[in-house]
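A quick write-up on the structure given underneath.
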Amino acid sequence: MAMVRIIYVSRMTDECDMEGIQEILNVSRKKNATQQITGMLCYDPMFFLQCLEGPRHAVNELYGQILRDGRHTDVLLLEYADIEARSFGGWAMGFLRSADIDPRTLAPFTTGKKFDPYQLTGAQARDLLITVAAQERKRLDAAG
Ligand code: FAD
């Protein structure tokens, strides 16, 4: 089965709020599990940074739906890659607020004064998401 990974960044619109994000997560976790899609969604009051991985057809179809979603705009594709194995296998859709990420983790990915995901290369976006997913897994495991 051909598998791919997509990473994109986008800006949240006025159509979205914390309730909207919760709804996105609820739908995502149910739908992604049925489509064998895994990934991570990072949220900041200004942007979303999301990775989706799984069967090529399912990921492309979902990305098409996400592109049409009015709860965000300015969607910029940072990476589209064929993959041999998943990096987010344990997450139907992991979720992290940027405020929960250690600033020391963001520092190597920050070029200006403030972290701006629109400036990331695809490889940087992937490395950052893999790093924060591993940190979040460790935190959840420690919390029991
Ligand atoms: P519907 O909910 O009927 O959607 C029909 C269309 O309307 C879709 O294009 C949808 O994008 C759009 N839409 C739905 N609700 C709203 C709304 N409240 N405001 C504006 N437009 C809307 N879905 C997943 O299944 N998995 C994910 O990982 C995932 N990640 C997302 C990440 C972001 C940043 C955003 C904004 C959305 C994400 N979604 C995700 C939601 C996705 O866009 C669809 O809403 C969802 O998959 C259900 O789509 P549907 O076609 O089954 O049904």
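The values are calculated or read from the model by the stated rules, or taken from the named source; none is laboratory data. What you are looking at is a predicted structure, and each value in this text was computed from that prediction instead of being measured. Heads up, the Cβs are rebuilt from the backbone with ideal geometry, glycines too, and the neighbour counts pull from every protein chain shown. Quick note on the areas: whole protein, heavy atoms, side chains included, nothing else; ligands and nucleic acids left out. Shrake-Rupley method; radii C 1.70, N 1.55, O 1.52, S 1.80 Å.
Applying a threshold of 6 Å to beta carbon distances and a minimum spacing of six or more residues, or different chains, the list of pairs starting in the range 56-76 at a residue that is farther than 16 Å from R29 by Cα and ending at one that is open to solvent by 80 Å² or more (accessible area, probe 1.4 Å) and not in a strand (DSSP E or B) reads G70/E15; R71/E15; V75/L67. What do you reckon, is A92 assigned to a loop (DSSP other than H, G, I, E, B), touching a residue at least 60 places away in the same chain (Cβ under 8 Å) and open to solvent by less than 50 Å² (accessible area, probe 1.4 Å)? Against the criterion (assigned to a loop (DSSP other than H, G, I, E, B), touching a residue at least 60 places away in the same chain (Cβ under 8 Å) and open to solvent by less than 50 Å² (accessible area, probe 1.4 Å)), A92 qualifies. For the range 12-29, filtered to residues that are under 16 Å from M93 (Cβ atoms) and among the polar types (S, T, N, Q), the residue that is farthest from the ligand (Cβ to nearest atom) is Q22. Considering the conditions (1) among the polar types (S, T, N, Q); (2) open to solvent by 40 Å² or more (accessible area, probe 1.4 Å); (3) assigned to a strand (DSSP E or B), Q65 is excluded by exactly one of them, (3). The set of residues from the range 28-62 being in a loop (DSSP other than H, G, I, E, B) and either at pLDDT below 95 or open to solvent by 70 Å² or more (accessible area, probe 1.4 Å) (or both) comprises Q35, Q36, D44, P45, M46.
State yes or no: is D82 at pLDDT 95 or above and loosely packed, with under 13 Cβ neighbours inside 10 Å?
Working: at pLDDT 95 or above: yes; loosely packed, with under 13 Cβ neighbours inside 10 Å: yes.
Yes: the conditions hold for D82.
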